[in-house]
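I have placed the structure first, in the form of structure tokens, so that the comments after it can refer back to it.
The values are calculated or read from the model by the stated rules, or taken from the named source; none is laboratory data. Quick caveat, the model's predicted, so the values are computed rather than measured. Every residue, glycine as well, gets a Cβ built from its backbone with ideal geometry; the counts of neighbours run over all protein chains shown. Protein only, heavy atoms only, side chains kept; ligands, DNA and RNA dropped before computing areas. Shrake-Rupley method; radii C 1.70, N 1.55, O 1.52, S 1.80 Å.
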Amino acid sequence: MKALRLKDWGQEPELTDLDRPVPGPGEVLVRVEAAGLCHSDLHVLDAAPGALPYRPPFTLGHEIAGRVAALGPGADGGPRPGERVVVYGPWGCGSCTRCAAGQDNHCDRRDTLGWHGAGLGRDGGMAEYILVPAARHLVPIGDLPADQAAPLSDAGLTSYHAVAGVRQALGEGSTAVVLGVGGLGHLAVQILRATTPSRVLAVDLRPEALALATRSGAHQSIPMDADTAAALRKATGGVGVDAVLDFAGAQPTLDLATEVLRPGGELAIVGSGGGQLTVRKPGFLPPGVRLSLPFWGTRQELTEVIALARSGALRVETEQLPLPSAPDAVDRLRRGRIRGRAVLVMPT
Ligand code: NAD
Ligand code: ZN
Ligand code: ZN
């Protein structure tokens with residue numbers, strides 16, 4: 001089978017021929033239908049040797065939808081062969097209390113595993129088949145199209161988890177700001193609209209991302225420039241915003257968040273853009289601000305995101321490409337030329 005592999009740190013990913021894996025005890029073989037390309041894949045490709053605990057080579061791809069192809073011995077009790085599924089990607093140790101509760105994203109043994117999940121140190125879904133270590137990582141999707149389902153397993157799930165973490169600040173009359181309207185951000189806008197009564201403001205550098213934010217339901221889409229803080233203050237009648245979800249995590253977006261948050265507000269830093277925040281008391285953040293660093297989400301939240309999408313409340317804007325076009329998609333994502341999510345679609 002074909003697979004897009006990171007062979008060593010600092011190298012561009014390479015389309016490689018591999019043997020189709022055979023599921024061992026407890027494992028499930030999934031025939032991949034679609035795999036999303038996440039900005040985190042760029043962080044992996046750009047990482048210096050030793051910066052991440054992974055050991056290449058491995059197959060990229062952590063947003064995966066497909067069809068169960070074969071069950072290893074003892075892997076029954078979950079989806080049956082032929083059933084369509086998404087893969088819950090943050091594979092933990094499987095035995096700590098977090099993993100047992102479906103919170104592999106907070107696995108207690110995370111630092112000792114050598115991976116963060118599918119396509120992140122373990123062979124992922126940018127391939128014709130993926131070997132999933134346990135049936136508990138599979139969530140049925142019914143007839144949801146694969147290009148929709150795959151991005152929901154990270155872009156959708158992470159956004160949903162981030163919104164859940166700030167929900168207490170998002171009652172009637174509240175304002176939420178989404179910074180960065182790419183693969184994750186455009187789903188965060190939709191999730192905020194579908195699950196909170198907040199007024200949703202979106203900010204991005206790119207005009208096409210602002211148009212995407214408006215299509216996704218943002219009440220106002222505001223360009224990122226020297227006037228953004230003033231525009232956000234004006235939009236909140238001068239009081240500041242109740243929650244900032246930062247999908248860039250860059251210095252300018254963290255600085256903006258610091259400037260526009262309301263006392264008692266929530267700041268969720270989702271993006272890994274390398275910005276830094278100084279936290280001290282008294283300091284730059286308004287009193288009562290709560291900070292979260294969401295990572296992916298729980299298995300239960302993934303079932304909720306899939307249900308939300310199946311109800312018609314979420315629509316992922318995708319650009320579909322065949323697997324051999326992955327290097328081109330990587331290049332365009334780097335240059336900010338992808339609208340929504342690039343999804344690699346496998347031949348069926
Ligand atoms: P993306 O490239 O699709 O979207 C990023 C968006 O942010 C783009 O529209 C870009 O124009 C905008 N942006 C960048 N810098 C900006 C700035 N200074 N001001 C305003 N807008 C800016 O990326 P994505 O796949 O949505 O991922 C977003 C970030 O989230 C990445 O850093 C990724 O690694 C991270 N991520 C984190 C998790 C997690 O679990 N915490 C999960 C997935 C992705
Ligand atoms: Zn990701
Ligand atoms: Zn664990």
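Listed values, structure above:
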{"item": "Hydrodynamic radius of the stretch 148-210 per Kirkwood, over alpha carbon pairs, in Å", "result": "11.9"}
{"item": "Selected from Phe284, Phe247, Phe295 as most flexible by GNM, with the chain as the system and alpha-carbon contacts under 10 Å", "result": "Phe284"}
{"item": "The stretch 275-323 - Kirkwood radius from inverse mean 1/r over Cα pairs (Å)", "result": "15.2"}
{"item": "Fluctuation leader among Gly288, Gly124, Gly217 - the chain, Gaussian network, Cα springs under 10 angstrom", "result": "Gly288"}
{"item": "Between the stretch 334-348 and the stretch 27-71, the alpha-carbon center distance in angstrom", "result": "15"}
{"item": "0 to 90° range, to nearest 10: angle between helix 157-166 axis and the chain longest Cα axis", "result": "30"}
{"item": "Burial ranking of peptide ranges 145-155, 70-80 (average Cβ count within 10 Å, highest at the top)", "result": "145-155, 70-80"}
{"item": "Spatial separation of Cα centroids for the stretch 281-307 and the stretch 215-246, in angstrom", "result": "19"}
{"item": "Accessible area of the chain belonging to carbon and sulfur atoms, whole % at 1.4 Å probe", "result": "51"}
{"item": "Solvent exposure, largest accessible area first (probe 1.4 Å, DNA, RNA and ligands not counted), of Ser221, Ser174, Ser272", "result": "Ser272, Ser221, Ser174"}
{"item": "Highest to lowest packing among 181-188, 62-69, 335-342, 44-51, scored as the average C-beta count within 10 Å", "result": "181-188, 62-69, 335-342, 44-51"}
{"item": "Ranked packing of 306-312, 136-142, most packed first, by mean Cβ within 10 Å", "result": "136-142, 306-312"}
{"item": "Rg and Dmax [Cα atoms of the stretch 1-94; Å; Rg one decimal, Dmax integer]", "result": "14.7, 41"}
{"item": "Contact order normalised by residue count of the stretch 150-280, Cα under 8 Å, 6+ apart, percent", "result": "24"}
{"item": "HN-Hα J in Hz across the stretch 129-140 - Karplus 6.51, -1.76, 1.60, θ = phi - 60°, x for Gly and Pro", "result": "9, 10, 8, 9, x, 7, 4, 5, 8, 10, 10, x"}
{"item": "Rg over Rh, two decimals, the chain (C-alpha only, Kirkwood Rh)", "result": "0.97"}
{"item": "Relative compactness, the stretch 223-332, computed as alpha-carbon Rg over 2.2 N^0.38 Å", "result": "1.35"}
{"item": "The stretch 149-291: proportion of alpha-carbon pairs further apart than 28 angstrom, %", "result": "8"}
{"item": "Rg/Rh (Cα only; Kirkwood hydrodynamic radius) as it applies to the stretch 54-156", "result": "0.95"}
{"item": "Hull shadow area, averaged, the stretch 172-249 [alpha-carbon convex hull, nm²]", "result": "4.6"}
